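**Q** Following this message is one structure expressed as C-alpha cells.
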Amino acid sequence: MRTKMRLLGFRGAAVKPLNEEAAAELGAELLGEALVFGVGGLCLYLEYLRQAGQSRRREEHLEQTLSDLRQSLEQLQRDLDELRAQGHAQGGAGHAQGGAGHAQGSSGH
C-alpha cells in the first residue's frame, strides 16, 4: 500500500496496515499492471528495433543504387570521351564526306 501511495504522489502519508486478503489482492493488481506495462514496453522496443532495421536496410539500398548510378555515369563519360577522341581522329575525312552527302541530299529535293 505504501508503494501504491508513493506511485500516486503521496509522500509520508500514514497508511493503516491491510489485512492479508486485501494485501494479496493489491499485490496481484500491482503485479498485473507491471506485467502489462512490461509487455507493452517490450513491444514498443521491438517495434523500434524493427523500424530501425528497415530504415538501415533502405538507406543501404539507396547507397548501393547511388553507387551503381555513379559507376554508370563514369562509364558513360569514358565512352563519350572515347567517341570524341575517335571523332577527332577521323575528323577531316568524316567532315568531307558529310559535306558531300549533304549537298547530294539538297539537290535531290
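The values are calculated or read from the model by the stated rules, or taken from the named source; none is laboratory data. This is a predicted model, so every value here is computed, not measured. Here the Cβ is made from the backbone with ideal geometry for all residues, glycine too, and neighbour counts use every protein chain on show.
**Q** Give the number of residues within the stretch 14-30 that are surrounded by 10 or more Cβ atoms within 10 Å (Cβ to Cβ) and either on the phi > 0 side of the Ramachandran plot or of a type in the set (A, V, I, L, M) (or both).
**A** Here the count works out to 8.
**Q** Okay, moving on. Quick one: Asp68 ticks every box in (1) over 25 Å from the mean Cα position of the chain (by Cα); (2) modelled with pLDDT of 85 or more except a single one, so which number is it?
**A** Going through (1) over 25 Å from the mean Cα position of the chain (by Cα); (2) modelled with pLDDT of 85 or more one by one, Asp68 breaks only (1).
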